[in-house]
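For reference, the structure is listed below as structure tokens.
The values are calculated or read from the model by the stated rules, or taken from the named source; none is laboratory data. Computed from a predicted structure; not experimentally measured. Using ideal geometry, Cβ is built from the backbone for each residue, glycine included, and neighbour counts are taken over all protein chains shown. Ligands, DNA and RNA are stripped out before the accessible areas are found, and what is left, the full protein with its side chains, is counted by its heavy atoms. Shrake-Rupley method; radii C 1.70, N 1.55, O 1.52, S 1.80 Å.
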Amino acid sequence: MKKEFFARFSKGSGIQLPTAQPSNGHERRLVELCTLPVPEAIATLKTTLGGLTAKEAEHRLGEFGPNELSHLKRLGFWADMAHRLKNPLVVQLLLIAVLAGIIGELKSTAIVSAMIVLSVGLSYILDRRSSRTVESLGKRVESRTIVLRDDGETEVRISEIVPGDIVLLQAGSIVPADLRLIAAKDFFVSQSALTGESMPVEKTSASADPSVQSAMDLPNACFLGTSVTSGSARGVVVNTGTRTLFGAISARLNEKREETSFDLGVRSFTWLMIRFMVVMVVAVFFIVGLTKGNWIEALLFGLSIAVGLTPEMLPMIVTVNLAKGALTMAKKKVIVKRLPSIQNFGAIDILCTDKTGTLTQDRVVLERHVDIVGHTSEEVLNYAFLNSYFQTGLRNLIDRAVLEHTDLDPAQCRLVDELPFDFQRRRMSVVVDYEEEHVLICKGAVEEIYACCSHYQIEDEVFPLIDMIRADLFEEVEKLNRDGFRVLGIAYQKFPKSDKTDYTVDDEKQLILLGFIAFFDPPKTSATEAIGLLAKSGVAVKVLTGDNGLVTEKVCRDVGLDAGRIVTGAELAGLSPEDFSKTVEDGIVFVKLSPAQKEQIVKRLRENGHVVGFMGDGINDAPAMKAADVGISVDSGADVAKEAADIVLLEKSLLVLEEGIMEGRKVFANIVKYIRMGASSNFGNMFSVVGASYMLPFLPMQPVQILTNNLLYDFSQTGIPTDNVDEELIAKPLKWNIGNIKRFMVFIGPISSIFDYATFALMWFFFHCSAFLDPSASAMQKESLAKLFQTGWFVESLLTQTLIVHIIRTRRIPFFGSRASLPMTLTTLAIMAIGSWLPYSPFAADLGMVPLPAIYWAWIAAFLVTYAVLTHLVKTWFFSRYGGD
């Protein structure tokens, strides 16, 4: 499900969940089935406790459709076109094309239409092609679930779930559809995505009371989009896709993603340019109308100026840059689930991450199994093996490490019951039938295990556990922790064999502390390099973990991360809001954190003005990932973590993450290149157009020439998404700064006007276009002189604005210190060549152009060199004074 959709809904969307009568037939069906006994519910859905056959599942998939929400579906061609045509820049061009057609200027209409096709069409083609590729990559990280098919367990995509499927759920699972539970054990579900209620809700398989009217009140129903926090269960699918409770809401809700600072900035720039254009067009219309006396010509010239001042390629540049960035990131093992998150990815200045798998190798090895005095104990190993072997929940790295360490035969034991792990107890237990006794074996965090114990065992002797000897008992634990081991406690209790098969948390009392198992997760050799690269890139790393301080401190020391004062969750809980804010700002390593505390830290860092990324892969990381600007998970993470993420890594590595961040900055940098270019060019054109319109006795450039100039310039900008980016431009987080763009526009824009006026002087005096004012000049001579002037400015204008992007794209010396990409260089050369050829081409007459004298090219070459040097000098001064943010 979409992270922002959940967040928006839980914060209140104006659509209320049903509280009385079921709101639709699908919900009523769910309520009715939940009041029936399990066998009747199974029969009603025409399935079995062993699940559907693969053939029947395929048939039902065709009947009911994929298990997807409507808002996730891709827009059709016409709907997509309508959406793109509603962009204010495109609307403006459409109006200009229509007005030009009304007054009979069909050539102008054709050229403006070509611009629309170029902007919208290219954006559509590249966006669809990129989206399809990204979607296919995204399927590699699509959440899956386990169902029963053909009486056996099989893993399928959530989109392939159908009514009648029997689904197996455990801690960390996303509930894949609306379902009725048929079996459950200590089963708790987080329904915050639907209700906003933060506390997990216990669910059972018992039939609901017939008086229940609302689906949300059903104790034996689970809903699409919720997640399992602890326990295990089986359920039969009742509704899928838009027929689910969440799907019905999504169909009524016109989702609108919350705008990022980048979205707001682009929109602000767009409307700034539109307002600027309106003022210019009105001014030019009246100046030309009053000085030349031809109001139709004035209108057409004004409309042409409007086109020239419109950054119509902006939507295409933004879309293509983001899509290209996503494809490039995918090659670097970074999958982007939501394109706009790329910009936030590049803007991250604080990365919060767990320790396991990022700083360490995520390769847990069981190194020690000792009693409480530090002697190797086979009994401790045997009990740990039985606990890991018989638990049916989410089998983690620790369980796998225990099972791989030894090869015992548990045939003499039988699982009686289990108490699954949860993040409140931080332990899990199994009850096994062994030698005419029920043995409860508990494994978990040492402190939590100790709190459940009343005795301890050394060899075969059992002694009372009193607080006075606690320090002595934990001496071995602290020694192992200081050496970087992760230590878990093992305790047990024996019960007389009876018919009792239902054990609860209340039975985890009066246990006997048996010993400890110690694991080692070696630090990653790449972590030190990655932390150094992130620091160099302006990204501070903070470690947020539920692990203890001694282990975390050792790992941080090994990878070169200065932990400073380690802050515990207990310390944070006792702080005032002001002290909490200062502590999370200054602290580097936070340990023994609850999921809620991780979320609070992320939120406070954002409130402090940071752009925060959170990298996690566990169930307990999902709240913090949703709270972050960018949620980052890994392909091997829990379903709920991957669903909460904006970015999914195919490899859990800070090096991969650093590469992704730098790619996000490249995308942003290339978008800003076009924006700076467009803003400064338009600002400079203002002075040139207004002055020339007032001073000259004829139009400085014919409307068809302005439109052709703009069309060619648009083509030259299509290479920007492929451009290289200098290292210093992405050396630190990039954030949107409209104020800096405005200043850049004010200082760089007028430089182009200097050379426009130099060209005016060249054409007027050197090439004698001033003869236009000679009373003896014939109408034909005047027309020829006007065309010569207009052709001269057309070529100079096109060449300078096409060339200048190579000056603006870098802070280094252009062409020598930094070179553009080959596609961008080729488009620039091609457009400059076409612009120089047009006055001599067969199209010259239609465009109102005449051949230029040979000496003109020497002057233009001098102008281009001088323009480039002067712009580079002003640009260098600007960045040294104002920076690039």
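Residues in the range 512-531: is at least one touching a helix residue (DSSP H, G or I) at 6+ places or on another chain (Cβ under 7 Å), crowded, with 22+ Cβ neighbours inside 10 Å and in a loop (DSSP other than H, G, I, E, B)?
No, the range 512-531 contains no residue that is touching a helix residue (DSSP H, G or I) at 6+ places or on another chain (Cβ under 7 Å), crowded, with 22+ Cβ neighbours inside 10 Å and in a loop (DSSP other than H, G, I, E, B).
Please name all residue pairs, on different chains or six or more residues apart, with Cβ atoms under 7 Å, provided the first residue is in the range 785-807 and is farther than 30 Å from A669 by Cβ and the second residue is open to solvent by 10 Å² or more (accessible area, probe 1.4 Å) and among the hydroxyl-bearing types (S, T, Y).
V795/S836
Condition first: touching a residue at least 40 places away in the same chain (Cβ under 8 Å) and not aliphatic (A, V, I, L, M). Now tell me which residues in the range 551-571 satisfy that.
T552, K554, C556, D558
Among what's in the range 486-505 and is open to solvent by 30 Å² or more (accessible area, probe 1.4 Å) and among the hydrophobic types (A, V, I, L, M, F, W, C), pick the residue that is nearest to P464 (Cα to Cα). It would help to see each step written out before you state the result.
From the range 486-505, those open to solvent by 30 Å² or more (accessible area, probe 1.4 Å) are 486, 493-502, 504-505; that's our starting set.
Adding the requirement that they be among the hydrophobic types (A, V, I, L, M, F, W, C) leaves 495, 505.
Working: F495: 18, V505: 22 Å.
Here the answer is F495.
I'd like the residue in the range 400-421 that is at pLDDT 85 or above, under 15 Å from L488 (Cβ atoms) and of a type outside the set (V, I, T) and, out of all such residues, is surrounded by the most Cβ atoms within 10 Å (Cβ to Cβ).
A401
Against the condition surrounded by 14 or more Cβ atoms within 10 Å (Cβ to Cβ) and modelled with pLDDT under 75, how does S113 come out, does it pass?
Answer is no for this residue.
So in the range 719-739, with the set limited to residues that are out of contact with any helix residue (DSSP H, G or I) (no Cβ under 6 Å at 6 or more places or on another chain) and touching a residue at least 40 places away in the same chain (Cβ under 8 Å), which one is least open to solvent (accessible area, probe 1.4 Å)? Can you show your working first?
Start the filter on the range 719-739 by keeping residues that are out of contact with any helix residue (DSSP H, G or I) (no Cβ under 6 Å at 6 or more places or on another chain), which leaves 724, 726-728, 731-732, 737, 739.
Cutting the leftovers down to touching a residue at least 40 places away in the same chain (Cβ under 8 Å) gives us 724, 726, 728, 731-732, 737.
Values: N724: 76, D726: 10, E728: 75, A731: 45, K732: 105, N737: 55 Å².
Filtering the range 719-739 for residues that are out of contact with any helix residue (DSSP H, G or I) (no Cβ under 6 Å at 6 or more places or on another chain) and touching a residue at least 40 places away in the same chain (Cβ under 8 Å), the one least open to solvent (accessible area, probe 1.4 Å) comes out as D726.
Looking only at the range 572-604, which residues are without any contact (Cβ under 8 Å) to a residue 24 or more places away in the chain and more than 25 Å from the chain's Cα centre (by Cα)?
G574, L575, S576, P577, E578, D579, K582, T583, D586
Working only within the range 542-564, note down all residues that are open to solvent by less than 20 Å² (accessible area, probe 1.4 Å), in contact with a Gly (Cβ under 8 Å, 6 or more places away or on another chain) and at pLDDT below 85.
Selection gives V551, V555.
What single numbered condition from (1) aliphatic (A, V, I, L, M); (2) over 28 Å from R812 (Cβ atoms); (3) in a loop (DSSP other than H, G, I, E, B); (4) under 53 Å from the mean Cα position of the chain (by Cα) fails to hold for A761?
Of (1) aliphatic (A, V, I, L, M); (2) over 28 Å from R812 (Cβ atoms); (3) in a loop (DSSP other than H, G, I, E, B); (4) under 53 Å from the mean Cα position of the chain (by Cα), only one is false for A761: (3).
A quick yes/no check of all residues on (1) among the aliphatic types (A, V, I, L, M); (2) over 28 Å from V281 (Cβ atoms); (3) touching a strand residue (DSSP E or B) at 6+ places or on another chain (Cβ under 9 Å):
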| site | (1), (2), (3) |
| --- | --- |
| L299 | yes, no, no |
| S304 | no, no, no |
| M316 | yes, no, no |
| N344 | no, yes, yes |
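Among the residues of the range 263-289, how many are touching a Leu at 6+ places or on another chain (Cβ under 8 Å) and aliphatic (A, V, I, L, M)?
Total satisfying the criteria: 7.
Here are some residues: I441, I512, I466, I458. Which one is modelled with pLDDT under 85 and over 30 Å from R557 (Cα atoms)?
So the residue among I441, I512, I466, I458 that is modelled with pLDDT under 85 and over 30 Å from R557 (Cα atoms) is I466.
Considering the range 646-655 alone, what residues qualify as being open to solvent by 10 Å² or more (accessible area, probe 1.4 Å) and farther than 16 Å from C352 by Cβ?
L650, E651, L655
Among the residues of the range 635-650 satisfying the criterion of being in a loop (DSSP other than H, G, I, E, B) and farther than 17 Å from A326 by Cβ, which is modelled with the lowest pLDDT?
Per the stated criteria, the residue is A638.
Pairs only if they're at least six apart or on different chains, beta carbon under 8 angstrom, first in the range 473-488 and modelled with pLDDT of 80 or more, second open to solvent by 70 Å² or more (accessible area, probe 1.4 Å); list them, first residue then second.
Note: pairs meeting the criteria are L480/R368; F485/E367; F485/R368.
Of the residues D521, D506, only one is at pLDDT 80 or above and of a type in the set (D, E); which?
After applying the criteria, what remains is D506.
Within the range 415-436, track down each residue that is in contact (Cβ under 8 Å) with a residue 60 or more places away in the chain, under 23 Å from V189 (Cβ atoms) and either of a type in the set (V, I, T) or not in a loop (DSSP other than H, G, I, E, B) (or both).
D417, E418, L419, R427, S429
Specify which of the listed residues (L351, L359) is out of contact with any Gly (no Cβ under 7 Å at 6 or more places or on another chain) and either touching a residue at least 12 places away in the same chain (Cβ under 8 Å) or within 17 Å of K652 (Cβ to Cβ) (or both).
Matching residue, one of L351, L359: L359.
I'd like the full set of residues that are surrounded by fewer than 18 Cβ atoms within 10 Å (Cβ to Cβ) and assigned to a loop (DSSP other than H, G, I, E, B), limited to the range 363-377.
Answer for the range 363-377, where residues must be surrounded by fewer than 18 Cβ atoms within 10 Å (Cβ to Cβ) and assigned to a loop (DSSP other than H, G, I, E, B): R363, V373, G374, H375.
Can you say whether F262 is modelled with pLDDT of 80 or more and either in a helix (DSSP H, G or I) or of a type in the set (A, V, I, L, M) (or both), as far as the supplied structure shows?
Criteria not met by F262.
Conditions tested, residue by residue: (1) open to solvent by 50 Å² or more (accessible area, probe 1.4 Å); (2) under 15 Å from I751 (Cα atoms); (3) touching a helix residue (DSSP H, G or I) at 6+ places or on another chain (Cβ under 9 Å); (4) in a helix (DSSP H, G or I).
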{"position": "Q790", "(1), (2), (3), (4)": "no, no, yes, yes"}
{"position": "T800", "(1), (2), (3), (4)": "no, yes, yes, yes"}
{"position": "I807", "(1), (2), (3), (4)": "no, yes, yes, yes"}
{"position": "T825", "(1), (2), (3), (4)": "no, no, yes, yes"}
{"position": "P839", "(1), (2), (3), (4)": "no, no, yes, yes"}
{"position": "P851", "(1), (2), (3), (4)": "yes, no, yes, no"}
{"position": "V874", "(1), (2), (3), (4)": "no, yes, yes, yes"}
{"position": "S880", "(1), (2), (3), (4)": "yes, no, no, yes"}
